[in-house]
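What follows is calculated from the coordinates using simple rules that are stated; it is not laboratory data. Please read all numbers here as calculations on a predicted model, not as lab measurements. Glycine also receives a Cβ, built like all others from the backbone with ideal geometry; neighbour counts cover every protein chain displayed.
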Amino acid sequence: MPVTTRSGASKATEEMPPGELQGLVKTAEAETKRTTAAEGLLPLKEKAADADDPETATDERGSVTPARPRKARRDASDAAAAAAAGRHISSLGDDILLEIFLRLPSLATLVRAAYTCRLWRRAVASSPAFRRRFRASHPSPLLGFFVNSRNVPSFPVFVPTRPRDLDLAAAVRGGDFFLTSLQGRPEEPTCWKIIDCRGGNILLLNLADKLLALLNPLTRQRERILNPVPQGVYHDFDYNDVGSIFCSDEDPMSFLVAFLAFDRLRWRIEAAVFASDTRNMECLFFLAAISM
Amino acid sequence: MAAPESGDGNNGAARMVTLISSDNTRFEVEAAAASLSQTLQLTILDGGGGGGDGIPLPNVDSATLSKVLEYCIKHAPAAANGGAPNATAVDRAELERFDNEFVNIDQSVLYSLIMAAHNLEIEGLQSLVAKKVADMIKGKSPMEIRRTLGFPDPTPEEQAEMNAHMLEYGWAYE
């Protein structure tokens, strides 16, 4: 199953220290309002006109207004103030900055750029529209494949695609693609098989112990054991059992795991859903019996 | 503003417009070149900028404006062809060479160009300068980016945040 770095994408840009995040709420709201009309960034004129925004007020961002000389004079004094304040790439406004970030070649370069300074991180964190555009223009690179093993004890094997890109090589090197975090649970036998792989997450099923585990090899600590699969629901695990991960691009910590199993005793399909927000494995419904 | 020019550019001779920089230098340039700027295009279509009347650009100084116009003049013929379906590979290669050379400049000049390109809404130039800065950022760690772009040294707090980040996002760092 292909593994991509997608989930790290949103995570890296989404996750901010709690204090930082709170301070951002207002900015983020304003940004969302501004960007709902057009997916992209707004023309400078509108932002410069936003007198409530302290950043734009001191910046040289007045538009060229040849038809309105009075406004032009005001802009000229703005420009003079900006020149005194320092005209430097580090002082570029969010909209221009994000246009630059959009041209970065990969997610890893964006992650590093965003952490260059607080203003830059805030620019990325406060603009969902930017992150949508970045995702759209930067498809997830393929890092490698997991191959399920039929041997017992079984453990999925990872085969990297050996990307030439240094950042991708670093991602493979830095991630837990050998799934050692599962290995670190000695109480559980090593009989894992991967049943889904999406958005950087992999969903594993432990055949012996009837456990489901969700983990993101890139972020390592994100292992979560959906423990245990409700008793009495799955009488008989089967290699044909299917599970799926549904995850959000914007919030990788928010996901849904759906698991379908075939109950041989009662001849019916059973479904269970685990939602990350309730943190409960719920048996939502039973489908009607299958007539053969 | 000025009355519309007679002929409006249809009579063979290229119509000229005058642009006035923030330091009151006057630049006379073909309307087709100036019209690469979305902002100026509207004024020019309305007949502005001709004759003794110039278009004041209070946010662009003469050094920057002359650089911007150099770009516009070079790119105007290709833009007039509307995506230039008949442009030869040689023409395109020449434009690319010009672009590369064009942004091979000091950061302070680059900054002025970025601001001017955005103020004047010159799409091609906006894209060119943004790509240039992106090229300066890529392949570098946050500290290297700071040094390259002349940021002040990080405060101890900022430094701690950067270190913590590097630990957590090891995959994004070589």
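Points worth noting:
- Calculated FRET efficiency for the pair residue A:164/residue A:256, C-beta based, R₀ 41 Å, to 0.05: 0.70
- Label sites at residue A:278 and residue B:53, each approximated as a point 7 angstrom past Cα along Cα to Cβ, lie 6.9 nm apart.
- Chain lengthening between residue B:141 and residue B:159 when straightened (0.36 nm per residue, less Cα-Cα): 5.2 nm
- Each label point was placed 7 Å from the Cα along the Cα-to-Cβ direction; for residue B:46 and residue B:70 their separation is 3.1 nm.
- With the convex hull drawn over the C-alpha atoms of chain B, the volume per residue is 154 Å³.
- Building the convex hull from the alpha-carbon atoms of the stretch A:114-204 and averaging its projection over directions returns 8.1 nm².
- Note: relative contact order over chain B, using C-alpha pairs below 8 Å and six or more positions apart, is 19 percent.
- Cα long-axis angle, helix B:156-168 against chain B (0 to 90 degrees, to the nearest 10): 80 degrees
- Förster radius 22 Å - calculated FRET efficiency between residue B:108 and residue B:23, Cβ distance, rounded to 0.05: 0.85
- Across all C-alpha atoms in the stretch B:110-174, the radius of gyration and Dmax reach 15.2, 42 Å.
- Rounded to the nearest 20 debye, the dipole size of chain B about its Cα centre is 280 debye, using +1 on the Cβ of Lys and Arg and -1 on the Cβ of Asp and Glu.
- Nearest-ten-degree value, helix B:107-120 long axis tilted from longest Cα axis of chain B: 50 degrees
- 21 Å Cα-Cα threshold exceeded, pairs from B:67/B:140; B:67/B:138; B:74/B:131: B:67/B:140; B:67/B:138
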